[in-house]
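Report on one structure; see the data block that follows.
The values are calculated or read from the model by the stated rules, or taken from the named source; none is laboratory data. Predicted model only: the values in this text are computed from it and were never measured. Here the Cβ is made from the backbone with ideal geometry for all residues, glycine too, and neighbour counts use every protein chain on show.
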Amino acid sequence: MVVALVLLWAGDFTPKTRWTLAVLAVGWWLAVSGTIGERVVRPLQTISNLLAALREGDYSIRARGARTDEALGLAYFEVNALADVLRGQRLGALEATALLRRVIAEVDVAIFTFDQDQRLRLVNRAGERFLGRPAARLLGCTAGELGLASGLEGEVPRTVELSFGGRLGRWEIRRSAFRQDGRPHQLVVLSDLSRALREEERQAWQRLIRVLGHEINNSLAPIRSIAKSLAEAFDRDGGAGPSDEDFRRGLAVIAARSESLSRFMAAYSRLARLPRPKLAPVELSALVRRVAGLETRKAVRLVSPSALSVAADADQLEQLLINLVSNAVDAALETGGGVSVAWEQMGDAVEIRVEDEGPGVPETANLFVPFYTTKPEGSGIGLVLSRQIAEAHGGMLTLENRTQGRGCVARLTLPV
C-alpha cells in the first residue's frame, strides 16, 4: 500500500487526480483488509471459543461448516469430533462414579478414605453406623480423633478387637494407598467378623450336636432296651432271673454298642486334634510305592512312577494316601475292578490321582460331611481328615465319579 502511494505521488498526475487515486487506493486497501480479517480472524476466534468451551466442560457447542474437503472445514470437523469424544468420556466417568458411590454406600463393610494429613475425606453408610455419627460430623476429623489411627499403620490384612458404639467385636482391617489430585490417600476397609463368626459357630454347634445326638442315641437305645428286657425277665420269673444265655446276649449287645461309641469318640478326637504339618522335602514316588505296598487285599498299579518332590509332612501325607487307597480298594473289591495311582506335575502344583473301578458313589455331595459313611463299619472321618490334611498343606482334595468308565477318582493337588 505504501509503495502504491509513492508511485502515485511521483507520477505525472495533476494534484486533483493524484488525491483521487490515493483515496481510491486507501479505500481498496481497507476493503481488502476487512475481507482478510473476515476470512482469517473470525474462524480463529470461532475455534478459540470452541476450545474454551471444551476446557470449561461445555460439550454442547458445535462449529458450523464442518467438512473434510478444505482446511478450515476440516479443523471444524476435528473440533466437533473432539467434543463428542470428551462428552462420551465425561458421561462414562459420571456414570461410573455414580455406580461406585452407590456400591460404596450399599456395601456392608465400613469404608474410610484419609488424606496425607490423616483427615477423613470419604465414609460410607456402614462407616457412619460403625462410628455412630453422620458423615457431616465425621469428614475432616483426624484418624486419631475417630479412634482409627491403628488402621493406618501395621500389617494388613489383620484381625483386631475394637469397641465402637458400646459393643466389642472382631474386625478385619484392610488398607491400600492411592493418589487423588496428585496427593497420596489411604483407603481403610473394616469388615465385621463377629456376626459371620457367630453364625458359623452356631451352625457348627448344631451340626456337632446333631451328629453326637445321633451316634449316642444309636448306642444308648439298644443298651436301654436290653436293660429293660433283663429287668422284665427278673420280674417275670419271680426273682429267679434270666438265663445265662439271655445274660450273654444282653452283655454282647451292650459291649458292641459301647465299643461303637468308643470308636466314634476316638475318631472325633482324632479329627479335632490334627496337628499343624511340619513341612520337609518328600520324594513322592517312594512315598506312593510304600503306601501301595501296605495294601495287601489287591495290587495297586502305579501309572507314572516319575521322580517328583513336594514340601509336606510325610506322616500326614502318608495317612492321607492310605485313606484314599484303602477306600479305592474297598470299592474295587465290590466289582472285581482294579486300582491305580498316578501323579504328574501341572505348573506349580503336583496332582495325585487315585482311581478305582468300583461301583461309584451315588451321593458325592455328602462325601466330605463329617461322620457320613456308606460302610457298615465306617467312621465317616477318613475323607474329612484327608481333606483337612490336604488344605493344611495348601492343597485341595476332590472325589468324583469317573467320566470314562465306572468307579471314582480322587484328585489330590499339592504345591510343588
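Points worth noting:
- Flag if residue 143 is surrounded by fewer than 16 Cβ atoms within 10 Å (Cβ to Cβ), assigned by TED's automatic domain parsing to the domain that holds residue 178 and under 23 Å from residue 180 (Cα atoms): no
- Being outside any loop (DSSP other than H, G, I, E, B) and at pLDDT below 85 is not true of residue 353.
- When region 99-115 is filtered for residues that are among the aliphatic types (A, V, I, L, M) and either in a strand (DSSP E or B) or at pLDDT 80 or above (or both), the ones remaining, listed by number, are 109, 110, 111.
- All conditions but one from (1) more than 36 Å from the chain's Cα centre (by Cα); (2) surrounded by fewer than 17 Cβ atoms within 10 Å (Cβ to Cβ) apply to residue 283; the one that does not is (1).
- Some residue of region 119-135 being more than 30 Å from residue 194 (Cα to Cα), basic (Lys, Arg) and either out of contact with any Ser or Thr (no Cβ under 6 Å at 6 or more places or on another chain) or at pLDDT 80 or above (or both): no
- Residues within region 384-412 that are in a strand (DSSP E or B) and either closer than 15 Å to residue 282 by Cβ or not assigned by TED's automatic domain parsing to the domain that holds residue 319 (or both), tallied: 1
- Note on region 95-140: residues that are among the hydrophobic types (A, V, I, L, M, F, W, C), surrounded by fewer than 17 Cβ atoms within 10 Å (Cβ to Cβ) and over 19 Å from residue 179 (Cβ atoms) amount to 9.
- Qualifying residue in region 93-114 (condition: under 30 Å from residue 48 (Cβ atoms) and not basic (Lys, Arg)): yes
- Inclusion of residue 63 among residues that are farther than 21 Å from residue 177 by Cα, in contact with a Ser or Thr (Cβ under 9 Å, 6 or more places away or on another chain) and part of a loop (DSSP other than H, G, I, E, B) is warranted.
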